[in-house]
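The values are calculated or read from the model by the stated rules, or taken from the named source; none is laboratory data. Only a predicted model underlies this, so the values are computations on that prediction, with no experimental measurement involved. Glycine gets a Cβ as well: all are built from the backbone with ideal geometry, and neighbour counts include every protein chain shown.
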Amino acid sequence: MDTEDTKTRIITAALQLAFINGYDYVSMKMIADEIGLSKPAIYHHFKNKKDLFKQAIDFFLKTMAEINREKLGEVTGLEDFLRGFFVNIRQVKTEIEKRFFGQSGKPIYTFLEILISAGRADNTIKAKMAHAYSLTRKSIIKLLEMGIENGEIRSDLDLENLSFSVIAMLEGLSLQCLFDDGLNAEKLSITMFDNLWKMLVI
């Protein structure tokens, strides 16, 4: 097995264990035991737990981006693209669980919880996520600018604030659904998008 395959196995095991136990309760020994490697074999690829989770976060974000591209790859136009962000939120979550857990069950912890714990332990991880959010906002702003140019939405919008709002809406929905099993994420996401779109085109 080549180096990249081994690193991917280690990263996947680290994320699986973090989703189940939480970042703070995952050790390098647990990761090594999970995939049948020695601790020195893990340290051959990663300097320490912080280094491992920096790369694990990159891997997870890349996986999410791939899933979103698969879901939205054929979409054209701002309305359909934004609708896809909202409508696919549950499907993306399900696909992530399938890729990391197969049919073995759902994780207990969310990626957001892992990020918060990892960010508290390592400021470079915190900075990495701040940068990732910044890039996401810039991507949303670019899409909105294209929507204005194409005459799809109003031209008097505060795009920077709107980019924050879109992310806050999506993450807020995910968080509330995490605590309240009675919420219908699919129905709510469609309603949220419809309300947002009405504000953009009025």
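Looking at 174, 189, 163, which is the one that is in contact with a Phe, Trp or Tyr (Cβ under 6 Å, 6 or more places away or on another chain) and touching a residue at least 24 places away in the same chain (Cβ under 8 Å)? Just one listed residue meets the conditions, 189.
Out of region 166-202, which residues are part of a helix (DSSP H, G or I), under 21 Å from the mean Cα position of the chain (by Cα), of a type outside the set (Asp, Glu) and over 20 Å from residue 116 (Cα atoms)? Answer for region 166-202, where residues must be part of a helix (DSSP H, G or I), under 21 Å from the mean Cα position of the chain (by Cα), of a type outside the set (Asp, Glu) and over 20 Å from residue 116 (Cα atoms): 166, 185, 187, 188, 189, 190, 192, 193. Is it the case that residue 76 is modelled with pLDDT under 80, within 19 Å of residue 16 (Cβ to Cβ), among the hydroxyl-bearing types (Ser, Thr, Tyr) and surrounded by fewer than 16 Cβ atoms within 10 Å (Cβ to Cβ)? So residue 76 does not fit the description; no. For region 101-119, taking the residues that are farther than 21 Å from residue 173 by Cβ and in a helix (DSSP H, G or I), the one that is modelled with the lowest pLDDT is identified as 101.
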